[in-house]
Amino acid sequence: MKAIKYFLAGALMLTSVTATMAQDNKTIIEQATQVIKAKGPDYQNQVKQLYKLNKKNPEVLVGIGKAFLFEKDTVNAQKFADYALAKNGKYAKAFLLKGDIAVMKDDAGAAAENYQQAKYFDPKDPDAYYKYAMILRGRSPEEAVANLEELRKQRPDYPVDALCGRIYYIAQKYENAASYYDKVTDRSKLEDEDVTYYAMTEWLLGNRDKSIEICKSGLARDPRRSGWNRIAFYNYTDLKQTAEALDYADRLFNKSDSAHFIGEDYTYYGTALQQAQRWDDAIKAYNQAIELNKGNDKQIAIINKNLSDVYLKKNDYDNAVAYFEKSIAGAEPTMDNLDNLGTLYAEIASSKTQAGDKEGAAVAFKKADETYARMMTAYPNFKNYCNYMRGQINANLDPDSKQGLAKPFYEDLANSLETKADKNNSEIAMLKQAYLYLIVYHFNVKQDKASAKAYANKMLVIDPENETAKQVAAL
């Protein structure tokens, strides 16, 4: 009984198609599509009937073929494309369908051939040009755009500039994309996809204000579009316009339709909250970003560094260090990693000094010194910089210079740099600092005026107007 019921249901559907042959092609295609989607128990016979009832109508045959392709049935899609061409060998839409089938099969050559045939038989159909351009873009976006310029000649009314911008955006040639999108005089006529690509292009090129302007042109017609609210939010955050950034963050998270949140949303949200000095809220946002970035170690490392910065602002030094160390864990730390860690310890020491915690400051300065010693061993090419940093750190540990803690580092730095012929501005600045310390140390602590005068004369060679050096040299 159940089988009979299904058979009758299928028969009724086919009867419906038969009864509507006099109707417009769109209705016939819609009804045939329902048959294909249903895939009833008598499906193969139904497919045969679809052909028999429409074999003289290439438009319907192609429409049915598209319905099969939508269901990923490339075999039947190909049959119906061929049926259409058997009826009309010049029917361009059938070649378009065959090109789409080839795309689904990852056969770019066959797709290109069929799209070219479609262009030949209907030179005014923009679909043929655009689909052929999408095939060409991987090999040469310039050829793809040249193909679309052919369409401009056939259809001056068609939005070719937007299509060219889209091709270049997908090919990641953002300056070219911007050049074409800029030619569009009426942005209100851009398709949603192109508004997104245009806004993203300008964001990626660093043109924040222009990207915001494009987003707002789209939001004027659809204020709940999550993608446009997102791009505006990112731009305002990058510009450090915090109030506007948080406004668009609220629009993204609470006033957008069908929003699918990604880890970068919460990374940007954390950044905006950090700019607003809402430290605890920033920490929550960054932790959500970590949850959504599981498996992306590179991104998590960046977020952990951000968390370190926030905890430092909260004077939570243990967490500031812990999250920084998390950010560089898992691989040999780079020179920048170690430099940043040393700087972090120095900042902690400075904060503790200002708070009157001399013991805590000393511990942090020693940690900074250890970090630069580690950096000197790992990256000997940066020995001068490390000696400079260790000199400064040890000068803080020994404010009256009585222990001479900074002396060996500044001496090593001076010996290295003073023999160098071509010194850049940074090296000259480091050498000045080394000479100044050594002048004062020998004059005040060691009371060795000869050594102090020797360093003063060296200082005057690179800084003739240095008052301290002039005074000591004149003794």
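The values are calculated or read from the model by the stated rules, or taken from the named source; none is laboratory data. Nothing here was measured: the structure is a model prediction, and the numbers come from that model. All Cβ positions, even for glycine, are placed from backbone atoms using ideal geometry, and neighbour counts span all protein chains on display. In case anyone asks, the SASA skips ligands and DNA or RNA and just uses the protein heavy atoms, side chains included. Shrake-Rupley method; radii C 1.70, N 1.55, O 1.52, S 1.80 Å.
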- Item | Breaking point among (1) of a type outside the set (D, E, K, R); (2) free of Cβ contacts under 8 Å to residues at least 24 places away in the same chain; (3) open to solvent by less than 50 Å² (accessible area, probe 1.4 Å); (4) under 26 Å from residue 211 (Cα atoms), for residue 168 | (2)
- Note on the structure: By residue number, the members of the stretch 371-387 that are within 20 Å of residue 321 (Cα to Cα) and open to solvent by 40 Å² or more (accessible area, probe 1.4 Å) are 374
- Query: Under the condition of being touching a residue at least 12 places away in the same chain (Cβ under 8 Å) and assigned to a loop (DSSP other than H, G, I, E, B), which residue from the stretch 227-243 is surrounded by the most Cβ atoms within 10 Å (Cβ to Cβ)?
  - Reply: 239
- Item | Close pairs (6 angstrom Cβ cut-off, 6 or more residues apart or separate chains): within 21 Å of residue 70 (Cα to Cα) in the stretch 103-126, open to solvent by less than 50 Å² (accessible area, probe 1.4 Å) and among the β-branched types (Val, Ile, Thr) anywhere | 104/74; 108/135; 111/135; 112/135
- Message: Of everything in the stretch 146-173, what is under 18 Å from the mean Cα position of the chain (by Cα) and either part of a loop (DSSP other than H, G, I, E, B) or farther than 24 Å from residue 220 by Cβ (or both)? Give them in sequence order.
- Response: 168, 170, 171, 172, 173
- Item | Boolean, residue 143 is over 20 Å from residue 193 (Cα atoms), acidic (Asp, Glu), touching a residue at least 12 places away in the same chain (Cβ under 8 Å) and open to solvent by 10 Å² or more (accessible area, probe 1.4 Å) | no
- Note on the structure: Residues in the stretch 428-454 that are free of Cβ contacts under 8 Å to residues at least 24 places away in the same chain, open to solvent by less than 70 Å² (accessible area, probe 1.4 Å) and either assigned to a helix (DSSP H, G or I) or of a type outside the set (D, E, K, R) (or both) total 6
- Of the residues 259, 329, which is at pLDDT below 95, more than 27 Å from residue 207 (Cα to Cα) and hydrophobic (A, V, I, L, M, F, W, C)? 329
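Within the group 177, 199, which residue is touching a Gly at 6+ places or on another chain (Cβ under 6 Å), in a helix (DSSP H, G or I) and either modelled with pLDDT of 95 or more or of a type in the set (Ser, Thr, Tyr) (or both)?
Just a single option satisfies the conditions, and that option is 177.
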- Query: If only one of 305, 298 is basic (Lys, Arg), surrounded by 14 or more Cβ atoms within 10 Å (Cβ to Cβ) and part of a helix (DSSP H, G or I), which one is it?
  - Reply: 305
- Any chance you could count how many residues in the stretch 211-239 are of a type outside the set (Gly, Ala, Ser) and within 18 Å of the chain's Cα centre (by Cα)? 13
